[in-house]
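Since the structure comes first, as C-alpha cells, the remarks are kept for the end.
The values are calculated or read from the model by the stated rules, or taken from the named source; none is laboratory data. Only a predicted model underlies this, so the values are computations on that prediction, with no experimental measurement involved. Virtual Cβ from ideal backbone geometry, glycine too; neighbours counted across all protein chains shown.
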Amino acid sequence: MATASTADSGTLRGWLDEQFGDLLWQLSNFWFGMTLLGIWGFMTLLGVVIDQGKDPASYFDAYPAPLARLVLRLHLDNIYHGTAYVALIGFIIACMTLATFKRVIPARLPPLHPVKIDKVPLNATITLPGDPAGVRERVAAFFRDKGFLVRKRELDGVEWTFADQDNWARRGVLIAHLGFVIIAIGTTLYWAAGYSGDTAIVTGTEATIPQNGTRLKLDRFGYEFQPIRTRNGLVYQPIDYVSNLEVAPRGGVFQSRVLRVNEPLDVDGTLYYQSSYGVALSLRLTRNGKPEAGSPSAPLKEGDAFPLGATTRVIRYERFVGTIDKSGGIGPDPRPNNPGAILDVFDGEQPIGRALVPIGRDLDLGNGYRVAATGFTFFSGIQYRHDPGIPFVALGAFVLLAGLVISFHFLPARLYVRVDETAGGSQVSLAATTVKGFEIFEEQFADLVEALKRGLGLGPSSGPENAGT
C-alpha cells in the first residue's frame, strides 16, 4: 500500500510539474507579452484622452451621463494611480523577466554545442587536400579575417570551430527588455511621488498649489491677437498670451516670473504651463435697489453660477463678449472694445432666458431683482505637473529604441564547422543558424561557402562540394 501511495504521489507531483511548466511557457510567450503591452498602451492612451484627477462634476459636464458614470466607476479619472494599471505593469515586467530567461537567452545566446550538420537546412561540405589540423587553422583564419568571432571547443572528442557574425547583436532583445523596465521604473516613480493638476488665477489674486505649497499671484495678464481675413469674414487668432506672476515656493519669498505658452516655469522640479485664459466678470445683485444676500463677492469665471436670492432660479455667467456692435449683436473682435457678457437664467435645471448685458449696465430679472455687470478682469489657466520619472522614461525610450534597432537591423548568425580526415585529405563540414530563420541568411551563406573555397585555394567548382538549403 505504501508503495502504491508513493507512486500516486509521484504521479501527481509529475502532473503538477508539467502543468506548472506549461503555464510558465505560456506566460513567456511572445504574443501573450505583446497582448499585455497592447492593453498597457490602451490604458495609457485612456489616461491621455480622459482628463485625470478632475472633480466628478467636471466629467458630467464633459461627457454624456452614462459615459461619465462609467469613467468614475472604473476609476478612469485616476488611471495611472489605479491598482489595475500598476498591477499590469508589474505583470508585464514579471512576464518579460520570465521570457528573458526562459526563451530569449536560450534562443539568442545559445551555448556552444555540436549539431548534426546534415540536419541543418543551411549546410555545406568541402573536400580538399591537407591534414585536418592545418585546414582547421586556415578555416579559423578565414572567418577571423571576415570579422567573425571564432571560438574552438572539443566536444565529445571532436574539435569544433564556432564562427559568430554580429554576436553582440544577439543582446538586442535583452536591451529592448531593459528599456521597458526603465520606462516602468519611471512610471512607477510618477505613481509614487508625482502629481498634476490645474488652477485658474484671477488678476490680483493668489492661489496655492495644494500638493507642494507653492503660491502663485497673478499681477497682470497680456495677450496678442492677429486679425486674419477668411471667406467667412475677419477672424482674430490668438498668437500669444502671457502671465506676469509672483511665485513663492513653500517657505520662500515671492519672485517675479513670466509664464507664456510653450515656455513652462520650473519651480522646485514642478513644471507650470500656460494652458488657457479667460475673463472673470464682476456681478452685483440687488432687489428693489438694495444689495441682495448671495450677490457674488468675487469675480465669476465663465460657467460659474449663483442663486437668485431665495428663489429656485440661478444666474450663470455663460461667456464674455469683447465687442458689442452698433446693432446690439456680437462683433468678431474678442478684445474689449465695447464689452459685455452673456448671462443665462435657469429655474432648477430648466433654462428660461438668456441676455447680452453690456459692462456697466444692469438687467431686470423681475420681482424687483436686477443684476448688473459692474466690471471684468482676466484670469489665467495654469496646469502643473511634477514627474520625477521623466528622466527614466526618456532614458528607457532611448534604450528600447536602441534595442529594437539592433534586433531588426543586424543579423546575428552562427556557423558550426568541423574538419574530419578523409582519404587523401580533409573534409570541411559547416552549417549555419540565425535568430531570424534560415531563409534570410541563405544567399549570404552561399557567398560565404564560395569565398571559403577560394580562401582554401579551391576554385568555384574545384573539389567535391555539397550544400543543402
- Residue list for region 55-75, restricted to those being farther than 18 Å from residue 43 by Cβ and among the charged types (D, E, K, R): 55, 61, 69
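Considering only residues that are aliphatic (A, V, I, L, M) and either exposed (fewer than 13 other Cβ atoms within 10 Å of the Cβ) or in contact with a Leu (Cβ under 6 Å, 6 or more places away or on another chain) (or both), which ones fall in region 26-43?
Step one: list which residues in region 26-43 are aliphatic (A, V, I, L, M), which gives 27, 34, 36-37, 39, 43.
Within region 26-43, 27, 34 qualify.
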- Looking only at region 364-377, count how many residues are more than 15 Å from residue 318 (Cα to Cα) and buried (at least 18 other Cβ atoms within 10 Å of the Cβ). 2
- Task: Scan region 6-34 and report the pairs whose first residue is at pLDDT 75 or above and whose second residue is of a type in the set (D, E, K, R) and surrounded by 10 or more Cβ atoms within 10 Å (Cβ to Cβ), with Cβ atoms within less than 6 Å and a gap of 6+ or a chain change.
- Result: 28/102; 28/103
- If you take just the strands (runs of 3 or more DSSP E) that sit entirely in region 105-199, which of them hold at least 1 residues that are hydroxyl-bearing (Ser, Thr, Tyr)? 122-128, 158-165
- Note on the structure: Only unsatisfied item for residue 259, checking (1) in contact (Cβ under 8 Å) with a residue 60 or more places away in the chain; (2) under 28 Å from residue 362 (Cβ atoms); (3) among the aliphatic types (A, V, I, L, M), is (2)
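Name the residue, out of 180, 162, that is of a type in the set (Phe, Trp, Tyr) and within 25 Å of residue 404 (Cα to Cα).
On the way: 162 fails: within 25 Å of residue 404 (Cα to Cα).
Exactly one residue qualifies, and that residue is 180.
Here is a yes/no grid of residues against (1) of a type in the set (S, T, N, Q); (2) out of contact with any Leu (no Cβ under 7 Å at 6 or more places or on another chain):
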residue	(1), (2)
100	yes, no
104	no, no
107	no, yes
137	no, yes
140	no, yes
144	no, yes
170	no, no
179	no, no
190	no, yes
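Filter region 111-124 down to the residues that are touching a residue at least 24 places away in the same chain (Cβ under 8 Å) and surrounded by fewer than 20 Cβ atoms within 10 Å (Cβ to Cβ) and list them by number.
First pass over region 111-124, keeping only residues touching a residue at least 24 places away in the same chain (Cβ under 8 Å): 112-115, 117-118, 120-124.
Selection gives 112, 113, 114, 115, 117, 118, 120, 121.
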- Of all the residues that make up region 317-335, how many are of a type in the set (Lys, Arg) and part of a strand (DSSP E or B)? 1
- Restricting attention to region 237-273, and to residues there that are out of contact with any Leu (no Cβ under 8 Å at 6 or more places or on another chain) and of a type in the set (Lys, Arg), which single residue is surrounded by the most Cβ atoms within 10 Å (Cβ to Cβ)? 260
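Quick check on my filter: what residues within region 241-294 are in a strand (DSSP E or B) and polar (S, T, N, Q)?
Keep residues of region 241-294 that are in a strand (DSSP E or B), which gives 241-248, 255-260, 263, 265-267, 270-287, 290-291.
243, 244, 255, 256, 270, 274, 275, 276, 282, 286, listed by residue number.
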- Note on region 54-64: residues part of a helix (DSSP H, G or I) and of a type in the set (Asp, Glu) are 61
- Message: Cβ-Cβ distance below 7 Å, separation of 6 or more or different chains: which pairs start in region 221-240 with a residue that is over 16 Å from residue 261 (Cβ atoms) and end on one that is among the aromatic types (Phe, Trp, Tyr) and surrounded by 13 or more Cβ atoms within 10 Å (Cβ to Cβ)?
- Response: 227/236; 236/225
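Out of 357, 371, 314, which single residue is in contact with a Pro (Cβ under 6 Å, 6 or more places away or on another chain) and part of a strand (DSSP E or B)?
On the way: 357 fails: in contact with a Pro (Cβ under 6 Å, 6 or more places away or on another chain); 371 fails: in contact with a Pro (Cβ under 6 Å, 6 or more places away or on another chain).
Checking each option against the conditions leaves just 314.
Test of understanding: among 98, 23, 67, 46, which residue is surrounded by 10 or more Cβ atoms within 10 Å (Cβ to Cβ), outside the structural domain of residue 158 (by TED's automatic domain parsing), in a helix (DSSP H, G or I) and under 21 Å from the mean Cα position of the chain (by Cα)? Walk me through how you get there before you give the answer.
Working: 98 fails: under 21 Å from the mean Cα position of the chain (by Cα); 23 fails: under 21 Å from the mean Cα position of the chain (by Cα); 67 fails: under 21 Å from the mean Cα position of the chain (by Cα).
Result of the check over 98, 23, 67, 46: 46.
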- Of the criteria (1) surrounded by fewer than 16 Cβ atoms within 10 Å (Cβ to Cβ); (2) within 32 Å of the chain's Cα centre (by Cα); (3) not in a loop (DSSP other than H, G, I, E, B), which one residue 223 fails: (2)
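Pick out the one residue from 345, 321, 314 that is under 30 Å from residue 226 (Cα atoms), in the same structural domain as residue 287 (by TED's automatic domain parsing) and without any contact (Cβ under 8 Å) to a residue 40 or more places away in the chain. It would help to see each step written out before you state the result.
Working: 345 fails: under 30 Å from residue 226 (Cα atoms); 314 fails: under 30 Å from residue 226 (Cα atoms).
That would be 321, the only listed residue that is under 30 Å from residue 226 (Cα atoms), in the same structural domain as residue 287 (by TED's automatic domain parsing) and without any contact (Cβ under 8 Å) to a residue 40 or more places away in the chain.
Identify the residue in region 129-145 that is among the aliphatic types (A, V, I, L, M) and over 52 Å from the mean Cα position of the chain (by Cα) and, among all such residues, is nearest to residue 430 (Cα to Cα).
First, pick out the residues of region 129-145 that are among the aliphatic types (A, V, I, L, M): 133, 135, 139-141.
Okay, now just the ones that are also over 52 Å from the mean Cα position of the chain (by Cα), so 133, 135.
Working: 133: 16, 135: 13 Å.
Ranking the qualifying residues of region 129-145, first place goes to 135.
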- Item | Filtered residues of region 131-163 (kept if in contact with a Phe, Trp or Tyr (Cβ under 6 Å, 6 or more places away or on another chain), in contact (Cβ under 8 Å) with a residue 24 or more places away in the chain and buried (at least 16 other Cβ atoms within 10 Å of the Cβ)) | 163
- Any idea which of (1) charged (D, E, K, R); (2) in contact with a helix residue (DSSP H, G or I) (Cβ under 8 Å, 6 or more places away or on another chain); (3) assigned to a helix (DSSP H, G or I); (4) surrounded by fewer than 16 Cβ atoms within 10 Å (Cβ to Cβ) is the one residue 51 doesn't satisfy? (3)
- Looking at region 324-341, is at least one residue outside the structural domain of residue 58 (by TED's automatic domain parsing) and within 19 Å of residue 365 (Cα to Cα)? yes
